[in-house]
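Enquirer: What follows is a single structure, and I will ask about it in a moment.
The values are calculated or read from the model by the stated rules, or taken from the named source; none is laboratory data. The model shown is predicted, which means the values in this text are computed figures rather than measured ones. Note that each Cβ is placed from the backbone with ideal geometry, even for glycine, and that neighbours are counted across all protein chains shown.
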Amino acid sequence: MKKFFQEFKEFAIGGNLIDMAVGVIVGGAFNKVVGSLVADVFTPALGLIFGSKMNFEELRIGGENGILIGNFINAIITFILTALCLFSLIKAINAAKRSMKKEEEAAAEEPAPAEPSDEVKLLTEIKELLANKK
């Protein structure tokens with residue numbers, strides 16, 4: 001039981017749980033931004049295009065007492081825009097990672113110093129022999 005709590009403490013204090021918590025908080029804020037984009041920018045823009053004030057929240061199928069589908073449409077639009085934004089962000093991050101990896105590989109693949117020619121090897125041996133005679 002003591003080992004279990006020790007492992008849990010390492011997990012909770014370690015980066016995994018903290019990284020996940022930060023991701024959830026940032027994701028919630030990101031969701032609010034995209035929701036505002038849909039409600040405050042996208043929906044009014046559609047209203048301008050179609051020449052009327054569009055309000056998906058009041059959209060119903062089957063008249064005044066029908067099925068309310070407006071919020072569902074807003075949720076679908078929010079989901080699509082969120083997915084598009086996240087896809088674009090992840091694509092940009094992956095491109096940056098590939099670029100950094102290529103730079104690292106290029107730096108790692110610097111040519112090794114060329115092996116000295118036979119003449120240079122011979123001259124080095126002669127030099128060493130002369131140095132040893134003195």
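Enquirer: Does residue 45 qualify as being more than 30 Å from residue 11 (Cα to Cα) and surrounded by 11 or more Cβ atoms within 10 Å (Cβ to Cβ)? If you could, list the steps in order and put the result at the bottom.
Expert: Details: more than 30 Å from residue 11 (Cα to Cα): yes; surrounded by 11 or more Cβ atoms within 10 Å (Cβ to Cβ): yes.
Answer is yes for this residue.
Enquirer: Just for the stretch 105-124: of the residues that are in a helix (DSSP H, G or I) and exposed (fewer than 10 other Cβ atoms within 10 Å of the Cβ), which one is farthest from the chain's Cα centre (by Cα)? Quick ask: steps written out before the conclusion?
Expert: Initial filter on the stretch 105-124 (in a helix (DSSP H, G or I)): 105-108, 118-124.
So of that shortlist, the ones also exposed (fewer than 10 other Cβ atoms within 10 Å of the Cβ) come out as 105-108, 118-119.
On the way: 105: 21, 106: 24, 107: 25, 108: 25, 118: 53, 119: 55 Å.
Ranking the qualifying residues of the stretch 105-124, first place goes to 119.
Enquirer: Give the residues of the stretch 1-53 that are within 20 Å of residue 76 (Cα to Cα), at pLDDT below 75 and of a type in the set (Ser, Thr, Tyr), sorted by residue number.
Expert: Result: 43, single match.
Enquirer: Scanning the stretch 61-80 for residues that are under 20 Å from the mean Cα position of the chain (by Cα) and modelled with pLDDT of 80 or more, which turns out nearest to residue 31 (Cα to Cα)? Steps first, answer last, please.
Expert: Of the residues in the stretch 61-80, the ones under 20 Å from the mean Cα position of the chain (by Cα) are 78-80.
With modelled with pLDDT of 80 or more added as a condition, the list becomes 79-80.
Details: 79: 9, 80: 12 Å.
My answer is 79.
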